[in-house]
Amino acid sequence: MNKYYSTQKNKQSPIDNIISVINNAKNLSKVLTVKAISLPGAYAHTVAKNLRNTKNNQIRKFFEIVKKAETEAVNDNLTNAKNILFSLVPQVAYSVGRELCDKKLYELIASCIKDEKLQNKEDVEMFAKFFEAIVAYGKFENTLKN
């Protein structure tokens, strides 16, 4: 096996690095702070810059679901909010299977939307802000396809 192949095989993508940080956090609001997701070069911008083959209409559809969950959380219905987000995971998986969105987006969403990561309404709200920033930076970076 050549040296180049083994180096490339073990190299994590920037999205994988963010997934690792999320996986190591107790809950989402501990890691998805406004500063960590909103600023240029932060998590959302990094995700948006590295998305490949993701259709704009798909990510907007997912965003609509995330905003619905956020509304439920703001209205103190955490159980409903979590259930709405849980239903998002297979929808994103289906879109990956149809080649409408990047598998890394699915992996990121699946790492965020877990019962233990969504412990309170702040976790849901910060995930919504994170997703909103990904959509915004995706448009800015022109990485979302029509």
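Things to note:
- Scanning the stretch 107-125 for residues that are over 11 Å from the mean Cα position of the chain (by Cα) and in contact (Cβ under 8 Å) with a residue 24 or more places away in the chain yields 115, 116, 117, 118, 119, 120, 121, 122, 123, 124, 125.
- Helices (runs of 4 or more DSSP H) enclosed by the stretch 1-68 - at least 2 residues per element that are modelled with pLDDT of 90 or more: 14-24, 28-31, 34-38, 43-50
- Qualifying positions in the stretch 66-82 - surrounded by fewer than 17 Cβ atoms within 10 Å (Cβ to Cβ) and β-branched (Val, Ile, Thr): 71, 74, 79
- Taken over the stretch 104-128, the criterion of being of a type outside the set (Asp, Glu), surrounded by fewer than 17 Cβ atoms within 10 Å (Cβ to Cβ) and either touching a Pro at 6+ places or on another chain (Cβ under 7 Å) or in a helix (DSSP H, G or I) (or both) is satisfied by 110 alone.
- Residue 81 being over 15 Å from the mean Cα position of the chain (by Cα) and assigned to a helix (DSSP H, G or I): yes
- Residue 52 being within 16 Å of residue 18 (Cβ to Cβ) and over 11 Å from the mean Cα position of the chain (by Cα): yes
- Of the criteria (1) within 19 Å of residue 13 (Cα to Cα); (2) surrounded by fewer than 18 Cβ atoms within 10 Å (Cβ to Cβ); (3) of a type in the set (A, V, I, L, M), which one residue 44 fails: (2)
- Inter-residue pairs, beta-carbon under 9 Å, first free of Cβ contacts under 8 Å to residues at least 12 places away in the same chain and in the stretch 94-106, second of a type in the set (Ser, Thr, Tyr) and in a helix (DSSP H, G or I), 6+ apart: 96/106
The values are calculated or read from the model by the stated rules, or taken from the named source; none is laboratory data. Computed from a predicted model, the values in this text were never measured in an experiment. We place every Cβ from the backbone using ideal geometry, glycine too, and count neighbours over all the protein chains shown.
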